[in-house]
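K.L.:
Quick one: structure below, then a few questions.
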Amino acid sequence: MTAAIRKTADYIIRQSGYPQPRMPPIDELADLAHAYIALAGTDDASHDALGGEGQIYVSERAAREYAAAVREPNVEIARQELTAVLLEARQHSTDLSLWRARSRSSGLDISARVDIQGKLLVVTQVSVRDFNTGGRRQ
C-alpha cells in the first residue's frame with residue numbers, strides 16, 4: 001500500500017466525524033480511498049516513484065535481461081544503470097507489481113516486475129523497449 005493511500009485513509013478517519021461503534025480497519029479504508037481517488041481521476045497514488053517506496057534490489061535475472069537489451073557486456077554496470085532509472089518508475093494502475101520508467105535521454109521504456117518484501121523492492125524481471133521507434137530496438 002502506498003503512503004498516499006494510507007494518508008488518504010487517515011484523513012477519511014479524522015474527517016468523518018461520525019460516532020461509530022467500530023471504525024473499519026485502516027487497510028479497508030485505504031482500499032476504499034484508493035478506489036475513490038481512482039474514480040475521481042486524481043490518482044495521487046500513481047504519482048509515487050518506486051524509489052520512495054523502499055530500497056531497490058535488482059535481481060541477477062533482471063540485470064542480465066537489461067544488459068542484453070541495452071547491449072551492455074558488464075552485468076554490474078547494467079544493474080547500476082537499471083537501479084538509477086527505476087528510482088523514478090511509476091506503478092501500473094491495475095497490476096500493482098508492475099512499475100514503468102521512461103527515459104527520454106536514453107529513449108527507453110522499461111517495465112519492471114517488482115516483488116515487495118517490506119521495504120525491500122526486488123526487481124525480478126524487466127522488459128525494455130525503445131519508445132522513439134515504436135518499440136523496435138536499433
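The values are calculated or read from the model by the stated rules, or taken from the named source; none is laboratory data. Note that the structure is a prediction, hence the values are computed from the model and not measured. Virtual Cβ from ideal backbone geometry, glycine too; neighbours counted across all protein chains shown.
K.L.:
Would you say ALA62 is modelled with pLDDT of 90 or more and within 18 Å of the chain's Cα centre (by Cα)? Can you show your working first?
P.N.:
Working: modelled with pLDDT of 90 or more: yes; within 18 Å of the chain's Cα centre (by Cα): yes.
For ALA62, the condition - modelled with pLDDT of 90 or more and within 18 Å of the chain's Cα centre (by Cα) - is met.
K.L.:
Taking the stated definitions as given, is SER106 outside the structural domain of ASP31 (by TED's automatic domain parsing), more than 14 Å from the chain's Cα centre (by Cα) and either closer than 30 Å to ASP31 by Cβ or among the polar types (S, T, N, Q) (or both)? Even if it seems obvious, please write down each step before you answer.
P.N.:
Working: outside the structural domain of ASP31 (by TED's automatic domain parsing): yes; more than 14 Å from the chain's Cα centre (by Cα): yes; either closer than 30 Å to ASP31 by Cβ or among the polar types (S, T, N, Q) (or both): yes.
Yes.
K.L.:
Here is a follow-up. Residues PRO73, PRO19: which one is out of contact with any Leu (no Cβ under 8 Å at 6 or more places or on another chain), modelled with pLDDT under 85 and either surrounded by 14 or more Cβ atoms within 10 Å (Cβ to Cβ) or not charged (D, E, K, R) (or both)? Give the derivation first.
P.N.:
On the way: PRO73 fails: modelled with pLDDT under 85.
Exactly one of PRO73, PRO19 is out of contact with any Leu (no Cβ under 8 Å at 6 or more places or on another chain), modelled with pLDDT under 85 and either surrounded by 14 or more Cβ atoms within 10 Å (Cβ to Cβ) or not charged (D, E, K, R) (or both), namely PRO19.
K.L.:
Could you tell me how many of the residues in region 88-115 are assigned to a loop (DSSP other than H, G, I, E, B) and of a type in the set (Lys, Arg)?
P.N.:
1
K.L.:
Considering only residues that are over 13 Å from LEU121 (Cα atoms) and either touching a residue at least 60 places away in the same chain (Cβ under 8 Å) or not assigned by TED's automatic domain parsing to the domain that holds VAL128 (or both), which ones fall in region 63-103?
P.N.:
GLU65, TYR66, ALA69
K.L.:
Going through region 107-132 one residue at a time, which ones are in contact (Cβ under 8 Å) with a residue 24 or more places away in the chain and hydroxyl-bearing (Ser, Thr, Tyr)?
P.N.:
Within region 107-132, THR124, SER127 qualify.
K.L.:
Which one of VAL85, VAL128 is in a helix (DSSP H, G or I) and either touching a Leu at 6+ places or on another chain (Cβ under 8 Å) or among the aromatic types (Phe, Trp, Tyr) (or both)?
P.N.:
VAL85
K.L.:
Within region 76-87, how many residues are surrounded by 15 or more Cβ atoms within 10 Å (Cβ to Cβ) and in contact with a helix residue (DSSP H, G or I) (Cβ under 7 Å, 6 or more places away or on another chain)?
P.N.:
First, the residues of region 76-87 that are surrounded by 15 or more Cβ atoms within 10 Å (Cβ to Cβ): 78-79, 81-83, 85-86.
Next, from what is left, pick out any that are in contact with a helix residue (DSSP H, G or I) (Cβ under 7 Å, 6 or more places away or on another chain): 78-79, 82, 86.
Selection size over region 76-87: 4.
K.L.:
Of the residues that sit in region 30-50 and are modelled with pLDDT of 60 or more and touching a strand residue (DSSP E or B) at 6+ places or on another chain (Cβ under 9 Å), which one is surrounded by the most Cβ atoms within 10 Å (Cβ to Cβ)?
P.N.:
Filtering region 30-50 for residues that are modelled with pLDDT of 60 or more and touching a strand residue (DSSP E or B) at 6+ places or on another chain (Cβ under 9 Å), the one surrounded by the most Cβ atoms within 10 Å (Cβ to Cβ) comes out as LEU50.
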